[in-house]
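Worksheet for the structure shown next.
The values are calculated or read from the model by the stated rules, or taken from the named source; none is laboratory data. Keep in mind that this is a model prediction, so the values were computed, not measured. Please note: Cβ atoms are built from the backbone with ideal geometry, for glycine as well, and neighbour counts cover all protein chains shown.
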Amino acid sequence: MHKDIAVRLKRWPELLGRLFFGFYFIFAAYPKIMHPAEFATVIRRYQILPDSLSNLPAIILPWLELFVGLFLLAGIMKVATRVWGLFLLVLFTLMVTLAFMRGFDMDCGCGVALFGDGRIGWSKILENTGLSLIYYFLLLHKPLKTKSL
């Protein structure tokens, strides 16, 4: 009985992580799906891809975010979904960091800003880095098993 309670308590952080990040990805995807042309404009402002290629990620990334969010909430395709979620978080963190290093003063186009106004800067870099680390430790990291003495 005592082990059952311990096992259930260990599942709570994962469940809360799945719920938080599931809704986070869905809310981030929604404005991009509804306004793909605006998102393509944001992608062009990052000046990483040629303008002619900016429409493709503007269409693919929001749908990927949506499916990651839905799959996290549903608890299906767990490994693939969690890896794709981390990929998206790290990708967006790198994009924001590169734009900041290049001196761009613009909205990140993230769709969700937990802290601040969503503009590229230290607060957005720290927010994205923090989210990536929390995501990793809640949903991907498996602690090392230790033997009790």
- Item | Unmet requirement for residue 41, which otherwise passes all of (1) part of a helix (DSSP H, G or I); (2) under 20 Å from the mean Cα position of the chain (by Cα) | (2)
- Task: Please find, within segment 20-53, the residue that is modelled with the lowest pLDDT out of those that are polar (S, T, N, Q) and at negative phi.
- Result: 52
- Scope segment 39-76; condition out of contact with any Pro (no Cβ under 8 Å at 6 or more places or on another chain), of a type outside the set (A, V, I, L, M) and farther than 29 Å from residue 139 by Cα; matching residues: 41, 44, 45, 46, 47, 50, 51, 52, 54
- Query: Looking at residue 16, is it assigned to a loop (DSSP other than H, G, I, E, B), of a type outside the set (Ser, Thr, Tyr) and either touching a helix residue (DSSP H, G or I) at 6+ places or on another chain (Cβ under 6 Å) or modelled with pLDDT under 95 (or both)?
  - Reply: no
- Message: Within segment 82-95, does at least one residue satisfy the condition of being over 22 Å from residue 45 (Cβ atoms), among the aliphatic types (A, V, I, L, M) and not in a loop (DSSP other than H, G, I, E, B)?
- Response: yes
